[in-house]
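The values are calculated or read from the model by the stated rules, or taken from the named source; none is laboratory data. Given the structure is predicted, the values throughout are model-derived calculations rather than measurements. Every residue, glycine as well, gets a Cβ built from its backbone with ideal geometry; the counts of neighbours run over all protein chains shown.
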Amino acid sequence: MIHIIYHYFQRRISWLVLAIITLILESIALYMQYIILLKPCLLCIYQRYTLYGLLIASFIGIIAPKNIMLRLSSLIIWIYSSVQGLFFAIKHTNMQLSTSKIINCESFTKYSNWIPLNKLLSSIITINNSNYCNIQQWYFVSLKLPPIMIIIFSFYLIIAILILGIECISYYKKNF
């Protein structure tokens, strides 16, 4: 089984599947923003930026899937983006579960000024003017969006860690 998964991720199709799934998630987010007219808060935007990290990881994997250095680089970006997305989704869920009536996202997202994430791609992604992350706008299968994103990012992270583990096992078997 390990051998099959190892060889599967040395093919472009596996990285293409990652890119397609990520593009579908971003397309759903854009659909919800521009068709359903749900305005994302700052934490929603940060979660969407981590999807771009996953997209970059998949493109690196597509370039040369048999090259171990590129494959490991894309796995590291994949894991980092998944962890960051999971962090933002958990933070967002905690804010929505808070008993406080109004919580401003910006008070919890103090990041460096050298890369203002909320200003990048502002023509595509517009932030909710109220900027309150505890406003619950939409449900799917009786779940709000942040818990759904926790599930999605957890899935991404588990798969990436499994693949990295398989890479390490295969490397160990080949060289020792």
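Observations on the model:
- Of all residues in region 57-70, at least one satisfies being touching a residue at least 12 places away in the same chain (Cβ under 8 Å), surrounded by 17 or more Cβ atoms within 10 Å (Cβ to Cβ) and closer than 25 Å to I148 by Cα.
- Within region 32-51, being farther than 18 Å from S154 by Cβ and either touching a helix residue (DSSP H, G or I) at 6+ places or on another chain (Cβ under 8 Å) or modelled with pLDDT of 95 or more (or both) holds for L38, K39, P40, C41, L42.
- Test: residue in region 127-148 that is part of a helix (DSSP H, G or I), modelled with pLDDT of 55 or more and β-branched (V, I, T): yes
- Matching option when the condition is surrounded by fewer than 18 Cβ atoms within 10 Å (Cβ to Cβ) and part of a helix (DSSP H, G or I), among I20, I36, I45: I20
- Within region 140-163, tally of residues that are within 20 Å of P65 (Cα to Cα) and buried (at least 17 other Cβ atoms within 10 Å of the Cβ): 4
- Residue check, L54 under 30 Å from N175 (Cβ atoms), part of a helix (DSSP H, G or I) and modelled with pLDDT of 90 or more: yes
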